[in-house]
1. When V105 is evaluated against the numbered criteria (1) under 23 Å from E153 (Cβ atoms); (2) within 15 Å of the ligand (Cβ to nearest atom); (3) of a type in the set (V, I, T), which criterion, by number, is the only one it fails?
2. Given the conditions (1) over 30 Å from L11 (Cβ atoms); (2) touching a His at 6+ places or on another chain (Cβ under 9 Å), report the number of the one that T185 does not fulfil.
3. Need the failing condition index for R131 against (1) more than 16 Å from the ligand (Cβ to nearest atom); (2) under 23 Å from A14 (Cβ atoms), just the number.
4. For D110, work out the one condition from (1) in contact with a Cys (Cβ under 9 Å, 6 or more places away or on another chain); (2) surrounded by fewer than 21 Cβ atoms within 10 Å (Cβ to Cβ) it doesn't fulfil.
5. Identify the single condition in (1) more than 13 Å from the ligand (Cβ to nearest atom); (2) touching a strand residue (DSSP E or B) at 6+ places or on another chain (Cβ under 8 Å) that R81 does not satisfy, given that it satisfies every other one.
6. Scan R258, R218, R288, R282 and give me the residue that is assigned to a strand (DSSP E or B) and among the charged types (D, E, K, R).
7. Given the condition closer than 24 Å to L205 by Cβ, touching a Gly at 6+ places or on another chain (Cβ under 7 Å) and in contact (Cβ under 8 Å) with a residue 60 or more places away in the chain, answer yes or no: does some residue in the range 52-66 qualify?
8. Which members of the range 4-25 meet the condition of being more than 8 Å from the ligand (Cβ to nearest atom) and over 21 Å from I100 (Cα atoms)?
Amino acid sequence: MFSQLTLHERLLKAVAELKFVEPTPVQAAAIPLALAGRDLRVTAQTGSGKTAAFVLPMLNRLVDLQGPRVEIRALILLPTRELAQQTLKQVQLFAQFTYIKAGLVTGGEDFKEQAAMLRKVPDVLIGTPGRLLEQLNAGNLDLSHVQVLVLDEADRMLDMGFAEDMERLCKECANRQQTLLFSATTGGAALRDMIGKVLNDPEHLMLNRVSQLAEGTRQQIITADHDQHKEQIVQWLLSNETFKKAIIFTNTRTMADRIYGHLVAKEVKAFVLHGDKDQKDRKQAIERFKEGGSKVLVATDVAARGLDIDGLDLVINFDMPRSGDEYVHRIGRTGRAGGEGLAISLITHNDWNLMSSIERYLKQQFERRVIKEVKGTYGGPKKVKASGKAAGVKKKKTTDKKGGDKKVAAKRKPAAKAPRNAPLASADGMAPLKKRAPAAE
Ligand code: AMP
C-alpha cells in the first residue's frame, strides 16, 4: 500500500486522488531507497510506473521547503518532447496539493516564452538536453541549486547522441544531493560510462528481466513475401482483429508515410508520427489518438518512444525492430498496467534471422500464425534433416556468412547463423528496409 511509504500526506492525497492503491514493483523498490537519499540506477521499462517512482520521492524532498521560489531545485532530463509533456502532467498531478510548480523546456516550442517561464523559476524543470543547453548558453538557466537530478530513459538519450549534452548538464547541477538514473535496457558501454560519471555509489534495481517482459502480451509472427504483401496483411488485421487501439511500427519515416497513405486511401482513419513532422502535428496526432479520434497510429521508434497510451492493445511490427531491446520497447506499449495485448511481427525472408535472434535474446519462441485469406508463398526457412546430406548443407552455409546466397539461405536450419542481439542498421529513418543487409553479423 502507498500509505506504508513514508510520503508526505499531501502527496499521499494526490496518489489517492489518482486511484493508485498498490505501488508497482518499481515503485515499491525505488521509492524507499530514494526517500533515504540514495543514488539509484533503475532498469525498468515504460509502463512499469517508473515516472511515479522518481517523481514522488523528488516531490517529497521539496514539499516542505518554505520561502519564495528563487531556484530550480529538481531537474528531469529525458529524450523526447512527448515524454517530457507526459512527465510534466504527472508531476502536476502529484504536486496538485502542494505549492510546487513545474516547467517544461523542449525543442519545438517558443524560445522566448520558455525564457519568460524560466524567469519565474519553476521548482521542478523537465526538459530535453538540446534545448536546455541552448537556454543555458543564452544565460537563461541556473542549475546550481538543483538538489535532485533525474535522467529518465538515459539509454535512449545516449542512443540519440546526447552523451556530451547530458554530461554538461550534469556538471551544471554540481551541488545536487541525489541522482536517479532510469533506463529501459541494461544498455552498453556508453551507459556504464555515464553511470560511472554521474552516480555516487548507486543501488542498482533491475525491474525488467527481459524474459519476464510483456507477460500480458501474446507475441506472434506472420510470414510475408514482400512489403506490398505486408500491407495486405496489415489491412486484413485492421479489419478483422478486435482491438481498441493499434500502433504500426516502421523503421523509416518513408515507410511510415507510405503505410499511412495506403491506410488513408482505404479509408482507414489513422495518424502518422515521425521525426519529420513538426511539433504541432505530433502533439495533435498524439492527443487525437489518445482521445480515440482514430484507432490506428503509424510510427517510427523515436517518435513513439515513451508514449503512454491507455487501451493500446495491438502492436504491429511492419518492420522488425533492429535489436532485441527495441523490440522490448515496442511491445512494452501493449498490455500496460496488467491489460492484455497482442504483438504481431511481419517477417519476410530478409527479416527471418533478425527475428530468430530476438527470440533467442528473449528466450521465447513467438507463435507462428497463418492467415489463410492473405497467405503468401514464404513460410520461413525450410527444415533440413540432420542427416549426412544436411551436413553438406551446413558446410556450404559457412560460405554464406553474410547472408548473400539466397538459395542456400533458404535451406538453413532456422536461426543457425542468426546474428546476436545488436542493432543492425543506422538510427531511425536512415536505411530503407529493402536495402538493409539481411543479417549482418
Ligand atoms: P509509467 O511507466 O510511469 O509511464 O506509468 C505507466 C502508467 O501506469 C501511467 O498511466 C500511470 O498513471 C500508471 N500507474 C503508475 N503507477 C501506478 C499504480 N501504482 N497504480 C496504478 N496505475 C499506475
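The values are calculated or read from the model by the stated rules, or taken from the named source; none is laboratory data. Because the structure is a prediction, the values reported are computed rather than measured. Virtual Cβ from ideal backbone geometry, glycine too; neighbours counted across all protein chains shown.
1. Failing condition for V105: (2).
2. Looking at each condition in turn, T185 falls short on (1).
3. Every condition holds for R131 apart from (2).
4. All conditions pass for D110, except number (1).
5. (2)
6. Answer to the selection: R218.
7. Checked against the condition, which is being closer than 24 Å to L205 by Cβ, touching a Gly at 6+ places or on another chain (Cβ under 7 Å) and in contact (Cβ under 8 Å) with a residue 60 or more places away in the chain, the range 52-66 yields no hits at all.
8. Matches in the range 4-25: Q4, P25.
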